[in-house]
């Protein structure tokens with residue numbers, strides 16, 4: 001995929017900022033319905049648990065992922081729920097990122113996107129929801 | 001007594017050995033070592049349920065990623081993604097620990113997910129011996145798991161990893177708790193491997209005991225073949241009685257007179273002789289005669305591929321292809337290498353049941369012997385089963401058998417101890433006269449019919465086939481009574497010096 005095309009594709013997923021966001025998405029692309037504790041999820045994707053917990057919140061807030069509500073259970077059910085308007089784009093992105101080169105290219109593009117933005121603290125970061133990106 | 005509510009697996013041949021299916025709600029354990037086909041069986045159980053019996057299902061995976069499972073299922077033509085889209089299937093990836101803990105909870109998220117699509121079937125792949133949460137026995141842990149599944153009235157199939165090949169000596173505790181156990185095995189046979197499935201136990205219904213062969217067939221899934229030796233319907237045994245008034249003509253000029261007008265309908269005839277003695281020619285004429293009379297005829301060949309059979313038939317003036325094209329003849333060839341006898345028999349059963357032949361030829365019995373070995377019971381059991389099948393369907397059948405002895409025979413069947421199962425035996429021999437081997441035919445046995453056991457000369461004419469030559473002898477032939485010989489039971493009796501003769505009338 002050409003870098004420009006990738007940037008256009010990523011523009012539709014402005015919620016994605018960190019490589020962990022992408023890797024979690026990739027994990028759920030291969031395991032669209034997973035019933036796991038967060039520690040195990042962290043082990044599967046290879047990040048620290050706090051980072052994974054933060055990325056999970058990103059994906060859930062962006063409505064790319066649904067999580068079973070009952071937090072009294074040790075494990076939670078995660079279901080990949082690509083929004084109807086973004087489903088096709090998400091599949092394109094994840095198919096591309098499913099290869100080693102593709103994943104590295106997406107991570108590189110994410111880093112570039114982050115560095116090209118004016119620096120701002122997390123508190124200044126706008127809400128990372130899809131509605132925001134849709135202008136909703 | 002009420003009929004049990006049986007869940008059909010939908011797997012070809014498996015419901016047959018389960019006598020219709022598995023009682024609903026049973027906990028089914030599928031045990032086997034790696035590569036025995038547990039995952040394929042379980043996924044097919046859920047797939048067929050959703051697709052063919054309107055019973056949605058759920059698959060629980062611990063190690064295999066769902067996308068790989070979906071990819072592999074596609075090789076069998078099972079579109080799991082489509083079933084998911086139609087909300088007839090859910091595939092959940094989890095860990096054994098999370099699964100075990102969850103099923104113990106009254107408000108199980110997993111079971112709620114299953115209930116959301118009205119799941120009736122569940123397949124759990126890759127279960128290993130469970131650890132009891134409080135340090136108790138694995139058997140108790142499995143019992144608790146089973147109770148959790150019972151609450152939802154799911155028919156659950158659990159694939160249990162087994163490292164043992166002989167469960168009799170190493171029974172997993174789960175096996176005592178499960179309602180149904182299917183044991184899958186893969187064993188080496190010569191340099192090939194043979195897959196088999198055994199219903200070790202199944203509560204609440206009857207099933208066929210023993211190990212049955214199965215295959216994993218690309219584009220389809222599992223195909224289970226009931227073991228040849230397993231008893232069939234009692235109707236099959238009753239079929240052994242044949243109608244003594246109907247005759248089936250042999251198609252060999254001159255032979256019908258020697259067999260009292262033909263073979264009985266549904267009788268079993270063995271044609272024994274060395275290679276080149278004319279057995280296959282006789283078979284072709286038997287089939288062609290049936291077709292000429294408008295009968296459906298089946299020819300099963302293990303020795304010669306179809307093109308060769310067609311060529312042979314052509315050489316004696318029979319257009320076999322035309323008979324096939326007319327639908328009168330079904331020619332079925334299976335190479336004998338690495339023959340799986342349960343599968344082979346199931347295929348013959350299917351052909352007989354669908355094509356409904358009136359005549360059949362099997363060429364040859366000796367090839368089965370080479371594949372199955374004649375020392376053990378396998379060959380005899382197979383032959384017994386095929387004779388019963390043909391009799392049940394009233395098929396008059398001729399079996400060719402190659403006897404390796406070139407001149408004369410010291411025994412009709414050699415190591416093949418099956419002559420008691422056949423009704424008629426025709427011996428084909430070479431007779432050396434001068435510098436020529438000539439064809440000789442002797443009707444050695446005709447069950448329920450008189451036979452002269454006289455040796456007759458035959459000839460095979462290019463473009464015409466075989467015929468039994470007339471015996472042009474007229475007048476009296478001296479017939480010497482037994483008392484005129486010494487060593488009658490030996491293979492070379494001698495005439496006494498002084499003949500005690502009498503003359504034929």
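Among the residues of A:37-48, the average count of other protein chain beta-carbon atoms within 10 Å of the residue beta-carbon is 1. As a proxy for reagent exposure, A:79, B:217 were ordered by neighbouring Cβ count within 10 angstrom, fewest first; the result is B:217, A:79.
Per residue of peptide B:101-113, the mean number of Cβ atoms on other chains within 10 Å of the residue Cβ is 3.
Extension gain, residue B:461 to residue B:86: 0.36 nm times the residue separation minus the Cα-Cα distance gives 128.3 nm. Using only Cα atoms, what Kirkwood radius does the stretch B:1-115 have, in angstroms? Taking the inverse mean of 1/r over all distinct Cα pairs, the stretch B:1-115 comes out at 15.4 Å.
Computed from the alpha carbon positions, the gyration tensor of the stretch B:223-366 leads to an equivalent ellipsoid with semi-axes of 24, 21, 15 Å, biggest first.
Going from the residue with the fewest nearby Cβ atoms within 10 Å to the one with the most, B:366, A:115, A:91, B:108 rank A:115, A:91, B:108, B:366. Remark: B:220, B:401 ranked as B:220, B:401, counting other beta-carbon atoms within 10 Å and listing the fewest first.
A crude spin-label estimate for the pair residue A:49 and residue B:19, with each label 7 Å from Cα along the Cβ direction, gives 5.3 nm.
The alpha carbons of the stretch B:324-368 give a radius of gyration and a Dmax of 11.5, 33 Å, in that order. Relative intensity of the stretch B:65-107 on a log10 scale, I(q)/I(0) at q = 0.18, 0.20, 0.33 Å⁻¹, equals -0.65, -0.73, -1.08, per a Debye sum over C-alpha point scatterers of equal strength in the absence of solvent. Peptides A:31-42, A:59-70 ranked from most to least packed give A:31-42, A:59-70, packing being the mean of other C-beta atoms within 10 angstrom over each peptide's residues. Computed over the stretch B:36-75, the quotient of the alpha carbon radius of gyration and 2.2 N^0.38 Å is 1.15.
For the segment A:19-30, counting C-beta atoms of other chains within 10 Å of every residue's C-beta and taking the mean gives 1.
We did not get these values from a lab; they are worked out from the coordinates using the rules stated. Everything numeric here is computed off the predicted structure, so don't read it as measured data. For neighbour counting, all protein chains shown are included, and Cβ atoms are generated from backbone atoms with ideal geometry for every residue, glycine included.
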